[in-house]
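First the structure, in the form of C-alpha cells, and then the observations on it.
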C-alpha cells in the first residue's frame, strides 16, 4: 500500500489522504489516473491556525496562515468582513490582507492608528455622536412635551429624526 494525499486543485489546500494499492514496480494504482491534485509526498501534521498547502512546483508541503471564515475589520471604516478563500479580499491562504485587522473596534467613535496597530478614541467622532444623540433626545422631548406617551406615533418619531417631512 502507498499513502496518497489529495489537495485542492486551485489553492493546494490539503483535503484528504488514503491508501492506494501498488503495482509490482511500486507505483500506486490511483482511482483517478492522471489526477493533478494527488501526491505521494507525505503531508505534515496539522497545526492550529494554519492550512497545509501543497506546492506543485516545489513538490512539497508548507504551512500557510488560515483566516478562512474569520471576521476581520476594515481599518478605514471599522466594518466587519468575513474572509472567504477565492474572493478578491482573500484570494488564497496566508496573512490577513492589508487594510484589515482581527481587532474588533471597541466602539463607534474610534479610528485605527497604524502607528500603534490598534483602535484609538477619535474625539471628533465622539463629539459628532454626542451632538447627534443630543439632537435626537431634544426632538423626543419636544414631541413628549406636546403629547402623552400613548399619543406618540411612529410618524412622530420619524419626523423628529428627520426621516419624514411634515405633512
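The numbers here are math on the coordinates, done by the rules we state, and not lab data. Because the structure is a prediction, the values reported are computed rather than measured. As a convention, Cβ positions derive from the backbone with ideal geometry for all residues, glycine included, and neighbour counts pool all protein chains shown.
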Spatial extent of the range 1-79: Rg and Dmax, with the Cα atoms as the point set, Å
16.5, 62
Euclidean distance between Cα centres, the range 1-31 to the range 56-88, Å
27
Full-stretch length increase - residue 128, residue 111 - with 0.36 nm per residue and alpha-carbon distance subtracted
4.7 nm
Counting other C-beta atoms within 10 Å, which of 115, 62 has the fewest, and how do the rest follow?
115, 62
